[in-house]
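The values are calculated or read from the model by the stated rules, or taken from the named source; none is laboratory data. In this text the structure is predicted, and so the values were computed from the model without any measurement. Backbone-built Cβ (ideal geometry, glycine too); neighbour counts: all protein chains shown. To get the accessible areas, we keep the full protein, side chains included, count just its heavy atoms, and leave off ligands, DNA and RNA. Shrake-Rupley method; radii C 1.70, N 1.55, O 1.52, S 1.80 Å.
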Amino acid sequence: MTLTASTLTHLLESIQANHLVLFCGAGLSIPQPSNLMSAVNVSRCCYDKYQSIAALPPNLRDDVDLLAGHFFETGQFESVFIGSLVPWNELVGEPNTGHAAVADFLISRAATAALSANFDPLIENWACGQKIAMRGALDGHEAREFSNDTSPLVKFHGCHHRDRKKTLWTDGQLAEPTVADRVATCSKWMELELPGKDLLVVGFWTDWGYLNDVLANALNVKAFGSVT
């Protein structure tokens, strides 16, 4: 979108008041030069790779939740799905101007936090290129701890570099104690930090179906001051 003068003024006032929070997702990492895969393309890649080993139901090919859920239910989630099917090399790349903007907002504390549905490390990579060793927080405890260095980057979906085996792919994982605890602490942190803040949504959409419910619960806090 093109920011109108009144919207831009509102966001600048929000920065001045220390009220701005960023919310970003897959749309941030698909543009060049990053060119990362969407969830549908990741699912197709994993499905097609496994077809040389065994046949899978066709309805799993375009739904990463169902596909990952299949391997979760058969006890092969970490060993097969995470360990050999996910195209991790296609989920990294060069940061783009969007990653640079989010990182700069956090480094300068123009934003009080950024919530990211991406587990790619491109925001952190941009910050590291500026000699800032930014780390993505995986739960509410880390969000508080890491805020000593920059405004926190909260990666409620998980992280490519940190505890990859516990990245969140399917609804079934939400019953696992470690995952459930991470989501709960993120939600608690959001309940404490987000009410009254001005939310700026940047490059967000999700084709991770189960993630919609996670987000709905996590963001079920008192009203934001505004949403742009």
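Residues in region 80-110 that are of a type outside the set (A, V, I, L, M) and closer than 17 Å to His161 by Cα: Phe81, Gly83, Ser84, Pro87, Trp88, Asn89, Glu90, Gly93, Glu94, Pro95, His99.
Only one of (1) at negative phi; (2) assigned to a loop (DSSP other than H, G, I, E, B); (3) not polar (S, T, N, Q) fails for Arg109. Which number is that? The single condition Arg109 does not satisfy is (1).
Condition check ((1) modelled with pLDDT of 95 or more; (2) more than 15 Å from Ser29 (Cβ to Cβ)) across all residues:
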| site | (1), (2) |
| --- | --- |
| Thr112 | yes, yes |
| Ser116 | no, no |
| Phe119 | no, no |
| Lys131 | yes, yes |
| Thr150 | yes, yes |
| Lys166 | no, yes |
| Gln173 | no, yes |
| Thr178 | no, yes |
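Just a yes or no: is a residue in region 140-148 modelled with pLDDT under 90, buried (at least 17 other Cβ atoms within 10 Å of the Cβ) and part of a helix (DSSP H, G or I)? Within region 140-148 (the criterion being modelled with pLDDT under 90, buried (at least 17 other Cβ atoms within 10 Å of the Cβ) and part of a helix (DSSP H, G or I)), the answer is yes, since at least one residue qualifies.
Would you mention how many residues in region 1-31 are among the polar types (S, T, N, Q) and open to solvent by less than 50 Å² (accessible area, probe 1.4 Å)? Residues meeting the conditions: 3. Set side by side, the residues Thr97, Thr112, Thr74 differ, and just one is touching a strand residue (DSSP E or B) at 6+ places or on another chain (Cβ under 8 Å), open to solvent by 20 Å² or more (accessible area, probe 1.4 Å) and among the hydroxyl-bearing types (Ser, Thr, Tyr), which is Thr112.
Pairing each residue of region 183-201 that is open to solvent by 50 Å² or more (accessible area, probe 1.4 Å) with any residue that is modelled with pLDDT of 85 or more, provided the two are 6+ apart or on different chains, yields C-beta distances under 7 Å for Lys188/Gly140; Glu193/Ala113; Val201/Phe23; Val201/Val227; Val201/Thr228.
Within region 32-46, restricting attention to residues that are open to solvent by 20 Å² or more (accessible area, probe 1.4 Å) and either in contact with a Ser or Thr (Cβ under 8 Å, 6 or more places away or on another chain) or at pLDDT 95 or above (or both), which residue is nearest to Asn125 (Cα to Cα)? Before you say what the answer is, go through the steps one by one.
At the first step, the residues of region 32-46 found to be open to solvent by 20 Å² or more (accessible area, probe 1.4 Å) are 32-33, 35, 37-38, 40-41, 44-45.
With the extra rule that they be either in contact with a Ser or Thr (Cβ under 8 Å, 6 or more places away or on another chain) or at pLDDT 95 or above (or both), the set shrinks to 33, 44-45.
Details: Pro33: 14, Arg44: 27, Cys45: 25 Å.
Looking at residues that are open to solvent by 20 Å² or more (accessible area, probe 1.4 Å) and either in contact with a Ser or Thr (Cβ under 8 Å, 6 or more places away or on another chain) or at pLDDT 95 or above (or both), I get Pro33.
Among the residues making up region 47-69, those that are buried (at least 17 other Cβ atoms within 10 Å of the Cβ) and among the acidic types (Asp, Glu) are Asp63, Asp65.
Are there any pairs, at least 6 apart or on different chains, whose C-beta atoms fall under 8 Å, with the first in region 1-25 and within 21 Å of Ala103 (Cβ to Cβ) and at pLDDT 95 or above and the second among the small types (Gly, Ala, Ser) and in a helix (DSSP H, G or I), and if so, which? Pairs found: Leu20/Ser14.
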